[in-house]
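The structure appears below as structure tokens.
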2 protein chains.
Amino acid sequence: MNKIKRVAIIGGTHGNELIGIYLVNKFDRQPDLIARSTFQTMALLANPKACAIGKRYIDIDLNRCFLQQDLENPNLSSYESERAKEIYHIFSSKNRDDADLIIDLHTTTSNMGLTFILDSQHPFDLQLATHLTSVYPNFKVLASGTQNQDTSVLRSISKLGFTLEVGPVAQGVLDASLFQQTEALVGTILDWVEAYNQETIAPVENPLTIYQKVQTIDYPRNESGEIQAMIHPQLQFRDYEPLNPGDPMFLTFDGESLFYEGKSTVYPVFINEAAYYEKGISMYLTQKQIVIGNGEWGIGNGELGISNWELVIGN
Amino acid sequence: MNKIKRVAIIGGTHGNELIGIYLVNKFDRQPDLIARSTFQTMALLANPKACAIGKRYIDIDLNRCFLQQDLENPNLSSYESERAKEIYHIFSSKNRDDADLIIDLHTTTSNMGLTFILDSQHPFDLQLATHLTSVYPNFKVLASGTQNQDTSVLRSISKLGFTLEVGPVAQGVLDASLFQQTEALVGTILDWVEAYNQETIAPVENPLTIYQKVQTIDYPRNESGEIQAMIHPQLQFRDYEPLNPGDPMFLTFDGESLFYEGKSTVYPVFINEAAYYEKGISMYLTQKQIVIGNGEWGIGNGELGISNWELVIGN
């Protein structure tokens, strides 16, 4: 079994998401908090200039700068493009077998509680997420990307990378309760990685619920692109709850309800995330999947962790 | 009795407070909604450049640009300084007796519900606020300034001006429920002004609770000015609730509680407002006052409305 050699805890990928920024500052001052015996840990502020002015980004969204082709493109020279290349050179394992782990700390204005966002559904991450679900009852797992697809997010430069997304909290605000929950979560993850390296983890066989992103939904807009309706009050803050055909989804400025016209139940997340207005996203729609590991370790393709996960419910 | 001649409904004084912006847009499209028979109404976007980029301001906070000396200073040339002068020239009644009314629409990340903020405690505003309190059970009145003191906020260019502050809502987010509540509130205010002009208002004699600002509290900081503690989870979202000596106020990043050391009960508001981090304000402390009108109209100094209000409980 390959061991994890380095863990990077990253905050401030977005300069107005304060919890990650203040946690990284705390870990910088007190490195003992994140030190473990079997791997190196570092805390990094990803976008220091944006953090300094309390804005999401300076030129462009740093968390959309990590496509391989962009990292290799010398013509991209915005502040965030340059910063992405610097971060990539520190951690790059997209093309290597280094067992590095990136934990990218984010906050959201949506009511997503404690969410673990992954792209690749690597067995290592699924096993870790299953453990975290057993420790934190409100912990959710969101599969954002498509298996093996190159993505532009920071976590993607680590094969095992994931995002911790906590909310709801306004941009530019420190929520003490979510700060403490995020810190506890990071500690639990580091302890689990330590146990993983020491091969003292008992493989769990309980099922894991994954919310698989299937679609993004824009706000209703007119021909000029102006927003014509708001998230419906009955949907606001209902992240991860079922949205059934015929349920209210939006409310126009004149008070008319617009309804979900899909054919099957979905589970919206990132509902009314402030930063997604400019991206044309009012919410993600997800489908619920349940997977279960086979309880065996270290087999198959030289990969880390449990290799076979079976989809038991879902599309 | 002087009549109100013009009412201005202002949104987008801060470009990331979406409810006012979208309400002004709606009123622009449907002016009938705000038209009344006895006065002119206009809807105005105060800071269009900041609204276009979804930021609080371009150069400086527009809602701190309305001191008389700044409005008269030709050397101030930031975007917001210029914009303040333009707005002032449209509405200026600081030095005139024009019976104009400015309603400035804001949102806050604090849990302030529907709040009416006034500076001068003019009898007209107190009477209106008393009416609104009877219609909206969660309506609160915050006296922010000192009687007759020149202030830098936009509402101050109208003798009767006030702010409607609604929350909690994150910056950059449209909350449909608060949007509808704000729109209803504006309608109720316009109806009341219409009735006032028509002299069909029965003077109310029920007492009015006013939260009088007495102090601003910064976050605990180190010598470098870095924040050392967050709003305590037990205080978060508890705007307008009593804070007693010995109650927890802040929580350090290491989990230590810091307690309120004042000698008497106060009522914090603007708790953890995102925009106030840069202003060195973690909250306002207020004292509760109860005032009551004398039930007579139009007497005293040629002023509008009930002239004598008596402080029955308070400092």
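The values are calculated or read from the model by the stated rules, or taken from the named source; none is laboratory data. Predicted model only: the values in this text are computed from it and were never measured. Don't worry about glycine lacking a Cβ; one is built from the backbone with ideal geometry, like all the others, and counts go over all protein chains shown. Areas reflect the complete protein model, heavy atoms only, side chains present, ligands, DNA and RNA absent. Shrake-Rupley method; radii C 1.70, N 1.55, O 1.52, S 1.80 Å.
Points worth noting:
- Positions within segment B:61-79 being surrounded by 15 or more Cβ atoms within 10 Å (Cβ to Cβ) and not in a loop (DSSP other than H, G, I, E, B), in sequence order: B:Leu62, B:Asn63, B:Arg64, B:Gln68, B:Asp70, B:Leu71, B:Tyr79
Yes/no per residue for (1) among the basic types (Lys, Arg); (2) crowded, with 20+ Cβ neighbours inside 10 Å; (3) away from chain A (no Cβ under 14 Å):
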site	(1), (2), (3)
B:Leu142	no, yes, yes
B:Gly145	no, no, yes
B:Leu160	no, yes, yes
B:Pro168	no, yes, no
B:Val173	no, yes, no
B:Ser177	no, no, no
B:Asn197	no, no, yes
B:Ser224	no, no, no
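- Of all residues in segment A:115-138, those satisfying the criterion of being open to solvent by less than 10 Å² (accessible area, probe 1.4 Å) and under 19 Å from A:Gly293 (Cβ atoms) are A:Phe116, A:Leu118, A:Phe124, A:Asp125, A:Leu126, A:Gln127, A:Leu128, A:Ala129, A:Thr130, A:Leu132.
- Lone qualifier among B:Ala84, B:Ala8 - being open to solvent by less than 10 Å² (accessible area, probe 1.4 Å), farther than 16 Å from B:Gln171 by Cβ, touching a helix residue (DSSP H, G or I) at 6+ places or on another chain (Cβ under 7 Å) and in a helix (DSSP H, G or I): B:Ala84
- Residue selection: A:Ile306 fails the criterion of being part of a loop (DSSP other than H, G, I, E, B), modelled with pLDDT of 95 or more and open to solvent by less than 20 Å² (accessible area, probe 1.4 Å).
- Annotation: of all residues in segment A:256-273 being of a type outside the set (A, V, I, L, M, F, W, C) and within 12 Å of another protein chain (Cβ to nearest Cβ), the one that is most open to solvent (accessible area, probe 1.4 Å) is A:Glu256.
- Segment B:234-255: number of residues that are within 14 Å of chain A (Cβ to nearest Cβ) and either in a strand (DSSP E or B) or open to solvent by 50 Å² or more (accessible area, probe 1.4 Å) (or both): 9
- Qualifying residue in segment B:49-60 (condition: free of Cβ contacts under 8 Å to residues at least 24 places away in the same chain and hydroxyl-bearing (Ser, Thr, Tyr)): no
- Test: residue in segment A:96-114 that is in a helix (DSSP H, G or I), at pLDDT below 95 and open to solvent by 10 Å² or more (accessible area, probe 1.4 Å): no
- Tally of residues being in contact with a His (Cβ under 8 Å, 6 or more places away or on another chain) and not in a loop (DSSP other than H, G, I, E, B) across segment B:28-60: 1
- Pair list, Cβ < 7 Å and 6+ apart or interchain, from segment B:36-48 residues that are within 12 Å of B:Arg6 (Cβ to Cβ) to residues that are assigned to a loop (DSSP other than H, G, I, E, B) and of a type outside the set (A, V, I, L, M, F, W, C): B:Thr38/B:Lys3; B:Thr38/B:Gln198; B:Phe39/B:Lys5; B:Gln40/B:Lys5
- Looking across segment B:27-52, the residues that are open to solvent by less than 30 Å² (accessible area, probe 1.4 Å) and either under 17 Å from B:Ile102 (Cα atoms) or in contact with a Ser or Thr (Cβ under 9 Å, 6 or more places away or on another chain) (or both) come down to B:Phe27, B:Ile34, B:Phe39, B:Ala43, B:Leu44, B:Ala46, B:Asn47, B:Ala50.
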